[in-house]
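The values are calculated or read from the model by the stated rules, or taken from the named source; none is laboratory data. All values derive from a computational prediction rather than experimental measurement. Every residue, glycine among them, receives a Cβ derived from its backbone with ideal geometry; neighbour counts consider all protein chains shown.
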Amino acid sequence: MINRFMEGNVKRLIRYTVIIFLGFIISGCSTSPVCVTSSLTPLQGKTVTGNLGECSGSDTAWSILGIYMIGRPDINRAVQKALDSKKGDTMINVRCYETYSYFLFFSTSTVTVEGDAIKFAEPAVAEEKKGKGK
């Protein structure tokens, strides 16, 4: 009787272990770089008033069975989220990458943008600073 009880528990343990192992095999994740650039906008002729610090933003889209994608990950939305988090005008030292995560019946695609947010001077203030430098 005890032997039959132990045998049932061992079979159940093996069954759960196989299910968990298959779950790990079916799910996965990969990351690939998209871009690296020094600035999102040209800085020539503009006065930078300050570096607001590191910021990050992302945008995600879902896919069902790898066939039907709900939306598309948009790099512009990711940039805007990053800039909104620090109230910056543009970003420097920009790094972008895309991450794909696979699960049993669905997957996600996420675009992430990281960099340093900077603030530009107002045009009147910039002209005033240029005039003092002469």
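Going by what's in this entry, would Ile92 be described as within 30 Å of Asn51 (Cα to Cα), touching a residue at least 60 places away in the same chain (Cβ under 8 Å) and not hydroxyl-bearing (Ser, Thr, Tyr)?
No; evaluated as a whole, the condition is false for this residue.
Quickly run through the range 22-42 and pick out the residues that are at pLDDT below 75, out of contact with any Ser or Thr (no Cβ under 9 Å at 6 or more places or on another chain) and either loosely packed, with under 11 Cβ neighbours inside 10 Å or not aliphatic (A, V, I, L, M) (or both).
Hits for the range 22-42 are Gly23, Phe24, Ile25.
Within the bounds of the range 43-58, is there any residue that is hydrophobic (A, V, I, L, M, F, W, C) and surrounded by fewer than 17 Cβ atoms within 10 Å (Cβ to Cβ)?
For the range 43-58, residues hydrophobic (A, V, I, L, M, F, W, C) and surrounded by fewer than 17 Cβ atoms within 10 Å (Cβ to Cβ): present.
How many residues are modelled with pLDDT of 90 or more, surrounded by 14 or more Cβ atoms within 10 Å (Cβ to Cβ) and of a type outside the set (Lys, Arg) if we restrict to the range 80-89?
The qualifying residues number 4.
What residue, of Arg95, Arg77, Arg15, Arg4, is part of a helix (DSSP H, G or I) and at pLDDT 90 or above?
None of the other options fit; the residue is Arg77.
For the range 30-70, enumerate the residues that are β-branched (Val, Ile, Thr), in a strand (DSSP E or B) and within 14 Å of Tyr102 (Cα to Cα). Spell out how you get there, then give the answer.
Our first condition is that a residue be β-branched (Val, Ile, Thr); within the range 30-70, this holds for 31, 34, 36-37, 41, 47-49, 60, 64, 67, 70.
Okay, now just the ones that are also in a strand (DSSP E or B), so 31, 34, 36-37, 48-49, 60, 64, 70.
If the condition is that a residue be β-branched (Val, Ile, Thr), in a strand (DSSP E or B) and within 14 Å of Tyr102 (Cα to Cα), then Thr31, Thr60, Ile64 are the ones that fit.
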